[in-house]
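The values are calculated or read from the model by the stated rules, or taken from the named source; none is laboratory data. All values reported here derive from a predicted model rather than from experimental measurement. Reconstructed Cβ throughout: ideal geometry from the backbone, glycine too, with neighbour counts over all protein chains shown.
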Amino acid sequence: MKQTLLTALASAGLLMAGFADPVKEEAKKPTEAEKAKALVKHQEGSEKVSIDQDKQAANAQELLAEQTNPQVIALLNEVEILMAQATDRLEDADTDGDTIAMQTEIIEKIYEAAKAKGN
Amino acid sequence: MSDNPSSTSKKDQIPIPEDLRKQLAEFQRALWRIKITEAVLAGIFGLIISFLLVFLLERFFPIPPIFRLAILLAGTSLAAIFAPYWVRHWVYGHRREEQLARLISQKFPKLGDRLLGIVELQDQHETREALSPELREAAMIHVANQAAKRDMTEALPYSRHKKLAIGVGAAVTAVILGFAMAPKAGNNALKRWIMPLSDTEHYTFTQFDTSQMPDPLVVPLGEAFTFSAPLKSNSDEKPETARARYNEQDWVEATLSEDNTYRFDFTGQEVRGKISLEAGDASLSINVSPNIRPEVNSFEALVTLPDYLQLEPRNVDLRTGSLNALEGSKVILKGSFTREIESATAHFSAEALEEFEPVDAAAPLEAETPDQLAEAEEKAKADEKALANATEIPAPRDLKLNIEGQSVSTEAIELGEFHASIPFTWKDVMGLEGADSFKVGIETSKDMAPSAYIQGIERNIIILPEETLEFQILSEDDFGLQEIGIAWEGEVTKATEGKPANGSLILQKGSPSSTRLSDEVIFSPQTYGITPQKIQLMAYTMDYKIGRGIIFSEPINVYILTREEHAQILKSRFDRIISELEDAARKELANLDLNERLDKTQSAEELQNDENQQKLAKAQEEEAKNAEKMKEIAKKMEEVFKDAARNGELDDKTMKDMADAMQNMKELGEEDLPEVESKLGEAQDQKSTPEKTESDLKEAIEKQKEAVKKMQETIEKTNQANENFEASTFVNRLKKASTDESGISTSLQSAFRGETENAVLPILGAAPNSDDIDPVHSRLLTELSKTQRNTTSDVRWIQEDLERFHARTQKPIHKEIYEAMSKSLIDENLERLREMITKNRTFTSARLSNEWAATLKSWADKLEGPKDDGGGGGGGGGGGSPEDEDFEFMLKVMRMVQAEQDIRARTRSLEQMLRSLKLSKQEP
């Protein structure tokens, strides 16, 4: 029962995930002024996301502190490191496919940690 | 006369007497005259006769050149061979006296001999001693005297010159008559007689116009055909009828028509042959070659589309004869045939369209600003003018054709607001026409507006600002799309600090040949700074049609909610789930009653009769339905649970109750109820003994009792969770009311500070419904009044719900808040506040709404109690069982996963925005 419930809960969260599609690279060159304006707008949004990503890292750290299972600890450690890297990239307004892939890896590792905890 | 060479001297000769000499000379002249005349007449006669022969024979048939040559040679031979011979014989052969004497001797032998004698004596050579010259002389005189008594002309040979003269005269007369009667025939015969090898056409009285009769004549293979034989206009004879036949087939007769033509109808022919034609004295032979008619190999149209589409001309296959082309296109029709073409026709005729609609009448939302509207109006006028010109139907005309070998192409046809029909006819170099005309029908069409769709998402959707929508947009056009994207337009339905959102995003650039574009959209309100409000999200597209503007899809409504609003929605969804669960439990209980009744009232044997078996089957069916229903409820519960986890406003205990209930629902739907169903099925097994059937039924009932019990436990858990949910929603509802009041206050304060957009006049002191108040402020007051009414209503409901909730749960905190609310007379005061807003008591209203916002917030805080620093942390309910700890861990993990998914979706959304901004700057 416990096992089933835990797996169901974790799956319920993961079922919502859609894996990242590869980004289509087809952009052409805008003018310098327009490019700057666009980048500013993009950077503001990216900073907001980086703050949330950082909060996530804090939550992961908190969760890590409560764990005793070495496998879970190892996985959450990796999650924390990945989150920190993702935060750095987002602070640099780097929202490309690598950042998204990193976030996907974070989700996978959290799920692995959930499974490890259930075992 | 005597030219005999002799060695004798002239003085030794004794000439014949002078009289005799003269007489002989006359004879000679007469002879020569007659014979020369005969020679000349014979020559003339021969020529005339040969001409007459040609003249007469050719009245019956044309004499071949070789025979005409023979006739001519035969005729001229009399003059060329006989006459000289005759002249030589009679003239040259009778030039001397002894020759004449011999000729005379033929009629007068004695005289002739004597004449010959003296001629010889004249030339005798002897000595004087042997001959007597006197004797010779005397002999000569004697002969001369005898000759003088005779008429020498009687000695002339038989003469034909008179008969010949008569014959020549008769022949000449015949010729003259012939010429007089048929001068053309005479002339023609003369030419053909004189120049037998020339190609002078044979003259007949009836003359066919062969220039209009092809030879060989090509006729369609195996098809009946008409052969036309026209007469020349100057034909001397025009017989009423003529006849003709194909090879050795039966003769076919035809009468002369008014246009001097005979028309013969022949049956279909499949082999080469000749038509023999006869009319009057004319006959003709025409070669006939049956052949297959020229057919269409292929037909195509070269369509040059209007310039604005920027598309290359395209070839369209026209074998069906139908072409659908865009208005404004230019079309060149090209046909290829099985044989070289000599001539062709293409007749263009146009007809008006049945339906006539102004251009772009249906094009929606073409202008977004007043400036664009003005531009659009100008364009519409220009379009109308162009339309008026375009709707002129061109007059029917024969198209100019370019014929090259087996190909025929038309001039360029400009298509407008009309349909056109162009029948083609053609004739090959053999003179055969196509079996049928090839008709090209051209239907013109308009450049249709592109379509845009949103798919993969519901039409009405509720999300939190940080959530992300993923869906697909799709656009199609008949020619090409410039770009696709999304646009959104917000609507703030209540007074808040947020502004209505408005924006767009280019997702893909198209090209003149992109008829279909689609893209995945990742839309996160937070990425674009969109605060809670209702937005209409649309896909947009643009084609290359000048002046068409942007085309939008049907919008989807996205309700971006605050956490409080979201929690309320979740609460109502949870209520519905509980209701459905209770309903399912009731049904299960009813099924259990039926099964127990069956077990108690029927013996084991009776359970196997048909009636009871049917009841068992019905019970099994009901069980299956209930199992399905339970699965459905479990699925809904899972959705609510996920959304509740995302909302984050519910405490862990409530979440745990929800998770337990959800797990029970899943087990019921997937295991417990299907087991009951299975046992009921076994109880219907025909092979079972009565005891086995009874045992199966009892087992089914036992399992069903367990399931019912589990359902009741689940209901208890859900009710418990719902109570907690409800309690937490009081907090949310109070917070929402507080936020609404705060929003009203903020809007009023902005107004009296003069910060309201587009407002010119001050709001303070302006009487409502008067000229003093700015229309913008008037509208604002109406909206705020409406918001205040809704908030008042919400607060009244919170108060009532709190009272009922306390009655049920007896929790003191709820009583405390309820009493505080009653004591404050909040409902009356808020209604009064609404009246003040309506009366434009701006400052007071702003102050009061701010105070009530604070009061409502304090009640919410009191209900919520001290916080455990929520988020992913937790540990609030710590110290529980290991199972609880595990649940808390999983809940945190789930929230963390959800949060990370949101972050990833927002990152994608940002990346899409970045790409869109780059795309929007591309050169078109």
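Of all the residues in segment B:512-535, those that are more than 30 Å from B:Gln310 (Cβ to Cβ), among the small types (Gly, Ala, Ser) and away from chain A (no Cβ under 14 Å) number 0. Being within 14 Å of B:Pro512 (Cβ to Cβ) and in contact with a Lys or Arg (Cβ under 9 Å, 6 or more places away or on another chain) is the filter here; which residues of segment B:527-544 pass it? Result: B:Met542, single match. If the condition is being surrounded by 19 or more Cβ atoms within 10 Å (Cβ to Cβ) and outside any helix (DSSP H, G or I), then segment B:824-848 contributes only B:Asn840. Looking only at segment B:731-762, count how many residues are closer than 21 Å to B:Lys839 by Cβ and modelled with pLDDT under 75. Qualifying residue count for the region: 4. For B:Leu761, the conditions (1) among the hydrophobic types (A, V, I, L, M, F, W, C); (2) in a helix (DSSP H, G or I); (3) free of Cβ contacts under 8 Å to residues at least 40 places away in the same chain are fulfilled apart from (2). Of the residues screened, B:Ala627 is not one that is over 60 Å from the mean Cα position of the chain (by Cα) and among the small types (Gly, Ala, Ser).
Residues that are modelled with pLDDT under 60 and over 13 Å from the mean Cα position of the chain (by Cα) do occur in segment B:337-355. Filtering segment B:625-657 to residues that are acidic (Asp, Glu), more than 14 Å from chain A (Cβ to nearest Cβ) and either under 23 Å from B:Asp583 (Cα atoms) or surrounded by 21 or more Cβ atoms within 10 Å (Cβ to Cβ) (or both) leaves B:Glu628, B:Glu632.
B:Phe574 meets the stated requirement of being over 56 Å from the mean Cα position of the chain (by Cα) and of a type in the set (Phe, Trp, Tyr).
For (1) over 18 Å from B:Arg646 (Cβ atoms); (2) at pLDDT below 85; (3) surrounded by fewer than 18 Cβ atoms within 10 Å (Cβ to Cβ); (4) more than 8 Å from chain A (Cβ to nearest Cβ), each residue gets a yes or a no:
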residue	(1), (2), (3), (4)
B:Asp868	yes, yes, yes, yes
B:Gly872	no, yes, no, no
B:Ser881	yes, yes, yes, yes
B:Asp884	yes, yes, yes, yes
B:Phe887	no, yes, no, no
B:Met896	no, no, no, no
B:Glu900	no, no, no, no
B:Arg904	no, no, no, no
B:Met913	yes, yes, no, no
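Note on segment B:431-489: residues that are aliphatic (A, V, I, L, M) and under 30 Å from B:Phe227 (Cβ atoms) total 2. Residues of segment B:198-206 include none that is of a type in the set (Val, Ile, Thr) and assigned to a helix (DSSP H, G or I). Taking segment A:78-106 as the range and being in contact with a Leu (Cβ under 7 Å, 6 or more places away or on another chain) and more than 18 Å from B:Gln912 (Cβ to Cβ) as the test, the residues that pass are A:Glu80, A:Glu105, A:Ile106.
Residue check: B:Asp436 meets all listed conditions (1) more than 33 Å from the chain's Cα centre (by Cα); (2) surrounded by fewer than 18 Cβ atoms within 10 Å (Cβ to Cβ); (3) assigned to a loop (DSSP other than H, G, I, E, B) but one, namely (1).
Here is the figure for segment B:459-469: residues that are at pLDDT below 90 and charged (D, E, K, R) total 2. Pairing each residue of segment B:245-257 that is outside any strand (DSSP E or B) with any residue that is surrounded by 11 or more Cβ atoms within 10 Å (Cβ to Cβ), provided the two are 6+ apart or on different chains, yields C-beta distances under 8 Å for B:Asn247/B:Gly273; B:Asn247/B:Lys274; B:Trp251/B:Arg243; B:Trp251/B:Ala244; B:Trp251/B:Arg245; B:Ser257/B:Arg263. If you check B:Leu284, B:Leu256, B:Leu305, B:Leu323 for being modelled with pLDDT of 90 or more and more than 42 Å from the chain's Cα centre (by Cα), only one passes: B:Leu256.
Residue-wise test of (1) surrounded by 19 or more Cβ atoms within 10 Å (Cβ to Cβ); (2) in contact with a Lys or Arg (Cβ under 8 Å, 6 or more places away or on another chain); (3) touching a residue at least 40 places away in the same chain (Cβ under 8 Å); (4) more than 8 Å from chain B (Cβ to nearest Cβ).
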{"site": "A:Lys55", "(1), (2), (3), (4)": "no, no, no, no"}
{"site": "A:Thr68", "(1), (2), (3), (4)": "no, no, no, yes"}
{"site": "A:Asn77", "(1), (2), (3), (4)": "no, no, no, yes"}
{"site": "A:Leu90", "(1), (2), (3), (4)": "yes, no, yes, no"}
{"site": "A:Asp98", "(1), (2), (3), (4)": "no, yes, no, yes"}
{"site": "A:Ala101", "(1), (2), (3), (4)": "no, no, yes, yes"}
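Being in contact (Cβ under 8 Å) with a residue 24 or more places away in the chain, among the aromatic types (Phe, Trp, Tyr), over 29 Å from B:Asp478 (Cβ atoms) and not in a helix (DSSP H, G or I) is the requirement here; does B:Tyr559 meet it? So B:Tyr559 fits the description; yes.
Taking segment B:767-780 as the range and being under 23 Å from B:Ser742 (Cα atoms) and more than 60 Å from the chain's Cα centre (by Cα) as the test, only B:Pro768 passes.
Within segment B:86-123, the set of residues being surrounded by fewer than 14 Cβ atoms within 10 Å (Cβ to Cβ), touching a residue at least 12 places away in the same chain (Cβ under 8 Å) and more than 20 Å from B:Glu154 (Cβ to Cβ) comprises B:His89, B:Arg95, B:Glu120. Can you find a residue in segment B:39-61 that is in a helix (DSSP H, G or I) and of a type in the set (Asp, Glu)? No, that holds for no residue. In a residue-by-residue description of segment B:591-605, the property of being at pLDDT 85 or above, outside any loop (DSSP other than H, G, I, E, B) and under 30 Å from B:Ser475 (Cα atoms) applies to no position.
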